[in-house]
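All remarks here apply to the structure that follows.
The values are calculated or read from the model by the stated rules, or taken from the named source; none is laboratory data. Owing to the predicted nature of the structure, the values given are computational and were not obtained by experimental measurement. Every residue, glycine among them, receives a Cβ derived from its backbone with ideal geometry; neighbour counts consider all protein chains shown.
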Amino acid sequence: MPNARRECRGLRGPKAGLSLPQRTHDSDRAKKLEEVRSTDAAPLDGPAPEPGRMDALYEFSDDSCYVSIDARQLPLLVAIWRGTPSLPVMEQYFAKHRAIIEALDAKGERCILLTRTEKAGRPPAEVRRFITTRTDELRGLLSRVIASSSMVVTNPLVRGAMTAMSWVDPDLRVPMHASVAEGYAWARQALAMHGLPTPQELGAAQPA
């Protein structure tokens, strides 16, 4: 099982990047990894956040996938999945996801969650089981803090996997958007519907 790598960057700092292993003997594999590690993060200019900070971009990766959770535009929380999700990376992602949600809960705040999977592959069975199990464990916390959530899904295999998981856990049944633009349009409406402030530049750090 590959060793997952975690990065945490602050509100501003050098452009977020990933250091994934390159295999010169397999050009196709190297090309695929280069596509996976490309990131939508905005240019950053400052130090990593101090402990307890939430307004940051958190990134996790290994040689098969890249996952990030962006809390810089709270109350809009944006997650991005690229490549084929691996269990080690998803464990790190959900640990940070839980920490952010718990911090919001402690402050009595709520948020909207938009998950972008337009460049993700179908999660393997062990990852699907992990997602449903972790969601069940966090059900009470998630229901208090996440006012609404949805996903950008363009891959039919990912859509099928999410539909299958929602049969097991109806709480995973969320709106699915065919494009990033639709996802951010939904986020704007959801923020307004729940009386939450709209970030000044909604989605600016995450180009379509």
When restricted to Lys31, Lys96, Lys15, the only residue in a loop (DSSP other than H, G, I, E, B) and either at pLDDT 50 or above or surrounded by fewer than 16 Cβ atoms within 10 Å (Cβ to Cβ) (or both) is Lys15
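What about Ile112, is it outside any loop (DSSP other than H, G, I, E, B), touching a Ser or Thr at 6+ places or on another chain (Cβ under 6 Å), touching a residue at least 12 places away in the same chain (Cβ under 8 Å) and among the β-branched types (Val, Ile, Thr)?
In short, yes.
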*asked:* Can you say whether Val89 is within 22 Å of Leu57 (Cβ to Cβ) and in contact with a Phe, Trp or Tyr (Cβ under 9 Å, 6 or more places away or on another chain), as far as the supplied structure shows?
replied: yes
Going through the range 129-155 in order, the residues found to be among the small types (Gly, Ala, Ser) and assigned to a strand (DSSP E or B) are Ala147, Ser148, Ser149, Ser150
If you go through Glu126, Glu50, the only one that is at pLDDT below 95, over 26 Å from Glu182 (Cα atoms), charged (D, E, K, R) and not in a loop (DSSP other than H, G, I, E, B) is Glu126
